[in-house]
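**Q** So that we are looking at the same thing, I have put the structure below in structure tokens.
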Amino acid sequence: MKSSLIMFENLNDGDIALLIKASQKIILNSGDTIVEYGQSYMGVFIILEGQCKVMTDTGIQLDILDAGDILGEVSYIEGRTTLARVVSIGNLS
């Protein structure tokens, strides 16, 4: 879980416990949209298992995200709409 470790490295056990309590696990099927381009989300996603692809609003693939990667953090922290569409590749949790 490479990306999420960097984001959470300075949190103590109490902080982590609060994050876990405020979180919910979701399961997605292949092709499900996780984040839609130009939308506002009140949360951040951490991939536990599986992969997803990041695409522009015109469908150009920008990246593949794996277990441990975080998505939605920039728009959540900066309070702006999303800059990409993210779709699951296979089952994802």
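The values are calculated or read from the model by the stated rules, or taken from the named source; none is laboratory data. None of these values were measured; they are calculated from a predicted model. Every residue, glycine as well, gets a Cβ built from its backbone with ideal geometry; the counts of neighbours run over all protein chains shown. Quick note on the areas: whole protein, heavy atoms, side chains included, nothing else; ligands and nucleic acids left out. Shrake-Rupley method; radii C 1.70, N 1.55, O 1.52, S 1.80 Å.
**Q** For segment 52-86, name all the residues that are under 25 Å from A22 (Cα atoms), assigned to a strand (DSSP E or B) and open to solvent by 70 Å² or more (accessible area, probe 1.4 Å).
**A** R85
**Q** I'd like the residue in segment 37-51 that is part of a loop (DSSP other than H, G, I, E, B) and not aliphatic (A, V, I, L, M) and, out of all such residues, is nearest to the chain's Cα centre (by Cα).
**A** G43
**Q** Within segment 18-42, restricting attention to residues that are surrounded by 11 or more Cβ atoms within 10 Å (Cβ to Cβ) and at pLDDT below 85, which residue is nearest to G79 (Cα to Cα)?
**A** Per the stated criteria, the residue is Y41.
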